[in-house]
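The values are calculated or read from the model by the stated rules, or taken from the named source; none is laboratory data. Just so we're clear, the structure is a prediction, and the values are computed from it rather than from any experiment. Methodologically, a virtual Cβ is constructed for each residue, glycine included, from the backbone with ideal geometry; neighbour enumeration extends over all protein chains shown. What goes into the accessible areas is simple: the full protein's heavy atoms, side chains included, and nothing from ligands, DNA or RNA. Shrake-Rupley method; radii C 1.70, N 1.55, O 1.52, S 1.80 Å.
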Amino acid sequence: MGLPVTDAPALELCYMGERVLRSGAKRVARVDSEVRQLCRDMFQAMYAAEGIGLAAVQVGITKQIIVVDIGAREDGFAPLALINPVIKKSTPDLVVGQEGCLSIPNVYLDVRRPAGVEVSYKDELGRPCNLKASGLLARVIQHEIDHLNGILFVDRVENTLALTQELAAHRFSLEDVRPLVSAA
Ligand code: CO
């Protein structure tokens, strides 16, 4: 028997190919201490994996909760937990940017998304909030909300050659992709 490893994440990541990532998530009815603890555990799991966003379904929990911290990339950013997030508006202009995902380690591919979004959600205290996001934050939030709908960023990749090569290089199966865009 060894000593308990106190800094190990309480939650384990799920990877592409696991069904829970395609299941979608249910609304959180009440933001209580259990939800707040889950948020803390999600932040811990995200930091342990050096991620900048994490959705509850990625740790096997089908609740509409995401956590985001882009502080490593942008100064002055405070970590955010978004409960029941809904995209209210998206800008008509689309931008291409490279994405990765803790559930598809080492795979990085370009994805086209709206440049900005307006999101409503509840914070960890259950207070209704609104957020206008652009740049990296908008991209991360859209990526994480996709997870709550059972969508992975690879589903949105337009360059099928790059997609095929990148997945194969990291031993993921193309059969686990559910394309949302027609082949480019
Ligand atoms: Co992801």
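Quick rundown of the values:
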quantity: Solvent-accessible ranking of S90, S103, S120, largest area first, probe 1.4 Å; calculated: S90, S120, S103
quantity: Where V86, V157, V96, V31 fall by accessible area, highest first, once all protein chains stay in place (1.4 Å); calculated: V96, V86, V31, V157
quantity: Cβ-based charge dipole, the range 86-184, positive-most Cα from G97, L180, A115; calculated: A115
quantity: Helix-only [θ]222 nm of the chain, DSSP H runs n ≥ 4, -39500 (n - 2.57) each, per residue, nearest 500; calculated: -7000 deg cm²/dmol
quantity: Per residue, in Å², the accessible surface of the chain once ligands and nucleic acids are set aside, probe 1.4 Å; calculated: 55 Å²
quantity: Count, lysine Cα pairs under 16 Å in the chain, 8 or more residues apart or across chains; calculated: 7
quantity: Cα→Cβ-extended label distance, 7 Å offset, between D93 and A162, nm; calculated: 2.1 nm
quantity: Residue among A49, Q37, A25 farthest towards the positive dipole end of the range 9-51, charges placed on Cβ; calculated: A25
quantity: Carbon plus sulfur fraction of accessible area for the chain, probe 1.4 Å, in percent; calculated: 50 percent
quantity: Proximal charge balance of V95 [Cβ under 11 Å; K/R count +1, D/E count -1]; calculated: +1
